[in-house]
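Scroll down for the structure; my scribbles are underneath it.
What follows draws every value from the coordinates through simple rules; no lab data is involved. Since the structure is predicted, the reported quantities are computational estimates derived from the model, not experimental observations. Don't worry about glycine lacking a Cβ; one is built from the backbone with ideal geometry, like all the others, and counts go over all protein chains shown.
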Amino acid sequence: MKKVVEKFLTVSECKHIINLYESAQDEMWENKDHQYRFYFIDLLRSKRYDYKKDLGTDKFDRFNFRSLRIQMVDETIDQVARFHTHNPKEWFFVVFLNKSFENGNLIFGDQTIVKPQTGTLVYANGHELHLVQNCKGKRYTLVGFFDNDAFNVQKENKQII
């Protein structure tokens, strides 16, 4: 199950979140199977942030977060574009924070392609097979993992994409 919410965040809210990233010390993440790599700051585990305050919006109050991070990839990262899934008991979202890069589409296993648009949220169950197309330029996203179906997609029993 997946859903796209266009203009979930405003351009101003997206710029604010990018500024949070740029003012922080980021880390490199590479998962154990070498399926994806990115730079990030962790908004839940860092003592520096209170995400409810620092994000500058209450639009995320409905989510019961397990992880929340701002991610960045660009052509300097040895990006890996392979299909992967996450914990099938969890849900995840990706909010595209900018569009000043080339490629970087989110592609699901059923070949659904989501082209990044600033402020758009893509929401899915953790079992959804997906990949991120390599990009040229800085691609910023806000990524969250949580254990509640915040948009009731499963209850509606339909995909909205």
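With the simple spin-label model, which puts each label point 7 Å out from Cα in the Cβ direction, the residue 61 to residue 29 separation comes to 2.6 nm. Quick one: grab the alpha carbon gyration tensor of the stretch 56-129, order the square roots of its eigenvalues as a ≥ b ≥ c, and give me rounded if a/c is under 1.5, else prolate or oblate depending on whether a/b is larger than b/c. Oblate shape, in that a/c is at least 1.5 and b/c is the bigger or equal ratio. The slack between residue 115 and residue 149, meaning 0.36 nm per residue of separation minus the straight C-alpha distance, is 9.9 nm.
For residue 15 and residue 83, a Förster radius of 25 Å and the Cβ-Cβ distance give a FRET efficiency of 0.20, rounded to the nearest 0.05. Here residue 89 is the anchor, and the lysines within straight C-alpha reach of less than 16 Å, apart from those fewer than 8 places off in the same chain, are 2, 155.
Altogether, the Stokes-Einstein calculation at 20 °C and 1.002 mPa s, with the Kirkwood radius of the stretch 36-89 over Cα pairs as Rh, returns a diffusion coefficient of 160 µm²/s.
What is the dipole size for the stretch 8-161, taken about its Cα centre, with +1 at each Lys and Arg Cβ and -1 at each Asp and Glu Cβ, in debye to the nearest 20? Here the size comes out at about 180 debye. Sparse packing (at most 16 other Cβ atoms within 10 Å of the Cβ) combined with a DSSP loop state is found for the following trypsin sites (Lys or Arg not before Pro) in the stretch 1-84: 7, 32, 45, 47, 48, 59, 62, 82.
Summarising the amide proton neighbourhood of residue 8: residues at separation of 5 or more, or on other chains, whose placed amide H is nearer than 5 Å comprise 120, 121. When only Cα pairs below 8 angstrom with a gap of at least 6 residues are kept, the stretch 5-161 shows a relative contact order of 29 percent. For the chain, the normalised intensity computed at q = 0.11, 0.16, 0.17 Å⁻¹ comes to -0.40, -0.90, -1.04 (log10 of I(q)/I(0), Debye sum over alpha carbons, equal scatterers, no solvent).
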